[in-house]
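Asker: Take this structure first; my questions come after.
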Amino acid sequence: KKSYYYMITFTLSPDLIKGKDPLQTRTECEAFIEAQAFRPALQFTQFHYVREKTKKGIDHWHCVVCSTTPLAKSRFKYYTRKYGAVDISKNKQQNLQEGLNYISKDGIPKSLLD
């Protein structure tokens, strides 16, 4: 089967989380992100992520994934409505190492599915 390699970035929107407990919101988002690794429709075979802060101090997560099906941003509508932005970039190198190197700059990625 063909493999597709992506970097997915989930970023919290200050407008959508205004007035919410930051720790609870971070916990909810991270649980949502981890659950994506196991969504049958996404067909992930590898899933690695790390949480970091933007320059403005807002939490965001970088995920490096391998899927056996092409990904569409529309798969993450729940997140965009409730928490913020999702960006999907296809890895042209067709491997995970470049993405893992990038997300490792600010922490050790948590690996799911391995």
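Asker: Going Cα to Cα from LYS105, which lysines come in below 23 Å? Please leave out same-chain ones fewer than 8 positions away.
Answerer: List returned: LYS53, LYS55, LYS56, LYS90, LYS92.
Asker: Please report the orientation-averaged projected area of the chain, defined via the convex hull of its C-alpha atoms, in nm². Show your work: numbers first, answer last.
Answerer: On the way: hull surface 28.0 nm².
For the Cα atoms of the chain, the hull's average projected area reads 7.0 nm².
Asker: By how many nm would the segment from LYS55 to GLU98 lengthen if fully extended, with 0.36 nm per residue of separation less the alpha-carbon distance? List each step's numbers first, then the result.
Answerer: Values: separation 43, 0.36 × 43 = 15.48 nm, distance 2.24 nm.
Difference between extended and current length: 13.2 nm.
Asker: Would you compute, from DSSP H runs of 4+ residues alone, the mean residue ellipticity of the chain at 222 nm, taking -39500 (n - 2.57) per run and dividing by the full residue count, rounded to the nearest 500?
Answerer: On the way: 4 runs with 32 residues, N = 114.
My calculation for the chain gives -7500 deg cm²/dmol from helical runs alone.
Asker: Would you list, by chain and number, the aspartates and glutamates whose Cα falls below 20 Å from the Cα of LYS110, excluding same-chain residues fewer than 8 positions away?
Answerer: Qualifying aspartates and glutamates at Cα under 20 Å: GLU28, GLU30, GLU34, GLU52, ASP59, ASP87, GLU98.
Asker: Kindly state, to the nearest 0.05, the FRET efficiency for THR80 paired with THR45, given R0 = 22 Å and r defined as their beta-carbon distance. All intermediate terms of the calculation are to be shown ahead of the outcome.
Answerer: Working: r = 25 Å, r/R0 = 1.12.
After rounding to 0.05, the efficiency reads 0.35.
Asker: Same structure, new question: Relative to the longest principal Cα axis of the chain, at what angle does helix 22-36 sit, 0 to 90 degrees, rounded to 10?
Answerer: Taking the Cα atoms of the chain, the angle to 22-36 is about 20 degrees.
Asker: Can you give the FRET efficiency for ASP15 and ASP106, using 1/(1 + (r/R0)^6), R0 = 30 Å, r = Cβ-Cβ distance, to the nearest 0.05? The partial results should precede the final answer.
Answerer: Details: r = 25 Å, r/R0 = 0.82.
After rounding, the FRET efficiency stands at 0.75.
Read-outs: derived from the displayed coordinates by stated rules, not from any lab. Everything numeric here is computed off the predicted structure, so don't read it as measured data. Quick reminder, even Gly has a Cβ in these numbers, built from the backbone with ideal geometry, and neighbours come from all protein chains shown.
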